[in-house]
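Down below is the structure, laid out as C-alpha cells.
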Amino acid sequence: MLRYVGRRVAGLALVLLIVLTLVFFMLRAAPGGPVDAYLGMNPTPEKRAEVEHRFGLDQPIWVQYAKFLGNLASGDLGNSLFSDRPVSAIIGERLPVTLELSLAAFVFWVVVGLAAGALAARRRDSFVDGLVRVGSVVALSIPSFWLALVLVVVFGLYIKGVLPSSGWVPFTEDPWENLRGVVLPAFALGLGSGAVIARTLRASMIETTRADYVSFARAMGMAERRVLRRITMRNAIIPTATVIGLMLGVFVSGTVLVENVFNIPGIGQTIVGAFRQHDYPLAIACTLITATVFLVANLVVDLLYFVLNPRIRAGFLNGTAR
C-alpha cells in the first residue's frame with residue numbers, strides 16, 4: 001500500500017512539474033509581457049532595459065527557467081512583479097476565501113446530488129425520478145458564469161437586501177454576513193456538478209440492483225432497506241466517488257469565473273489579474289494551487305477505492321494489485 005501511494009505521489013509530482021513548465025514557457029511566449037503592462041505604451045529603450053533587468057527578464061530564458069526550478073525546489077515562489085509582495089503572502093490571503101467558497105459549494109452539492117440520485121434510483125420511472133432526470137439535464141445546460149450573472153442581476157436589482165450580490169466579508173469579521181455572501185456564488189458554482197453526481201449515482205444504483213449478489217441477498221430474506229444500505233449503495237458509490245473527487249478540482253477551478261462575477265477576492269480573481277498583467281510569479285503560483293488540488297483529489301479518489309472496494313484491498317494483500 002505504501003509503495004503504491006509513493007508511486008502515485010511521485011507521478012503526481014512529475015505531472016505538476018510538467019504543468020508548471022508549460023505555463024512558464026507559454027506565459028513568456030504570449031504577446032506582450034510584464035514590461036509592457038508596467039510601463040504602458042511607447043516606453044523609452046533605456047526605461048525598458050531597466051525594468052527588464054529589475055524583473056530578471058534580460059537573461060536567457062533557459063537561465064530564467066533554471067532559476068525558477070531552483071526557487072521552486074526551495075519553496076520560494078518569488079515576489080509579485082507589480083506589488084513587490086511575496087507571492088506566498090498573496091496566496092495566503094486569497095486561498096482561504098477560495099477554499100471556503102469551494103468547500104461550501106462542494107459539501108452542499110454533494111449532499112444534494114447523492115440524495116437526489118439515491119431517491120431517483122429507489123423510485124425509478126416515477127414522477128420523482130423524472131423530475132430528477134429533467135432537472136439534472138437543465139442544470140447541466142446552464143453555464144455557471146451565465147447563472148452567476150443572472151443571480152447578480154436578480155438579487156442586485158430586483159430582490160435587494162435578501163442576499164448580497166457581490167463582495168466578500170471575512171468570517172472573522174462578521175460570520176453571518178460571510179455565510180450570506182457564500183450562498184449565491186456557491187449555488188452558481190456547484191449546480192452542474194450536483195447534477196452530474198445525481199445522474200452518476202442513479203445510473204450506478206440501477207445497474208447494481210440488477211447484479212446477482214443483490215438478487216441473492218433478497219432471496220436469502222435480507223430486508224430491502226438493508227440490501228439498499230449495505231450492498232447496493234456501497235457498491236454504487238464507488239464510481240460515484242470518482243466523479244465526486246474530480247468535482248472538487250472543478251469547484252476550485254470554477255471559482256475563476258464565479259469570483260470575478262461576484263467580485264470575490266480569491267484565487268480565481270487573482271489568477272485572472274495575474275495573467276492579464278503577465279505577472280509571471282503570481283500566475284505560476286496560482287496555477288500551482290489549482291493543479292495541486294486537481295492532483296490531490298485524484299489521489300484521494302484512488303485511496304477511496306482501497307477503502308470502499310474489498311476486491312482492491314484483497315488485491316493489495318495478495319500482491320496482485322499495482
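The values are calculated or read from the model by the stated rules, or taken from the named source; none is laboratory data. Nothing here was measured: the structure is a model prediction, and the numbers come from that model. Quick reminder, even Gly has a Cβ in these numbers, built from the backbone with ideal geometry, and neighbours come from all protein chains shown. Heads up: the accessible areas ignore ligands, DNA and RNA and are worked out on the full protein's heavy atoms, side chains in. Shrake-Rupley method; radii C 1.70, N 1.55, O 1.52, S 1.80 Å.
A few remarks follow.
- Test result for Leu304, of a type outside the set (S, T, N, Q), open to solvent by 50 Å² or more (accessible area, probe 1.4 Å) and within 17 Å of the chain's Cα centre (by Cα): no
- The lone criterion from (1) closer than 17 Å to Val182 by Cβ; (2) of a type outside the set (Lys, Arg); (3) surrounded by fewer than 13 Cβ atoms within 10 Å (Cβ to Cβ) left unmet by Val137 is number (1).
Residues are listed down the side, and each one gets a yes or a no for (1) closer than 18 Å to Glu93 by Cα; (2) touching a residue at least 24 places away in the same chain (Cβ under 8 Å):
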| site | (1), (2) |
| --- | --- |
| Arg218 | no, no |
| Leu228 | no, yes |
| Thr232 | no, yes |
| Thr242 | no, yes |
| Gly266 | yes, yes |
| His278 | no, yes |
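- Subset of the stretch 61-97 [assigned to a loop (DSSP other than H, G, I, E, B) and either open to solvent by 70 Å² or more (accessible area, probe 1.4 Å) or of a type in the set (Lys, Arg) (or both)]: Ser74, Asp76, Asp84, Arg85
- Flag for Ile267 being open to solvent by 20 Å² or more (accessible area, probe 1.4 Å), under 25 Å from the mean Cα position of the chain (by Cα) and β-branched (Val, Ile, Thr): no
- The one condition in (1) farther than 30 Å from Leu149 by Cβ; (2) open to solvent by less than 40 Å² (accessible area, probe 1.4 Å); (3) without any contact (Cβ under 8 Å) to a residue 24 or more places away in the chain that Gly273 fails to fulfil: (1)
- Those residues of the stretch 26-42 which are on the phi < 0 side of the Ramachandran plot and surrounded by fewer than 12 Cβ atoms within 10 Å (Cβ to Cβ), in sequence order: Met26, Ala29, Ala30, Pro31, Met41
- Flag for Ala198 being surrounded by fewer than 21 Cβ atoms within 10 Å (Cβ to Cβ) and at pLDDT 85 or above: no
- Of all residues in the stretch 43-54, those that are open to solvent by less than 70 Å² (accessible area, probe 1.4 Å) have Cβ atoms under 9 Å from Cβ atoms of residues that are among the hydrophobic types (A, V, I, L, M, F, W, C) and assigned to a helix (DSSP H, G or I), 6 or more apart or on another chain, in Pro43/Val35; Pro43/Val51; Val51/Val35; Val51/Leu39; Glu52/Val35.
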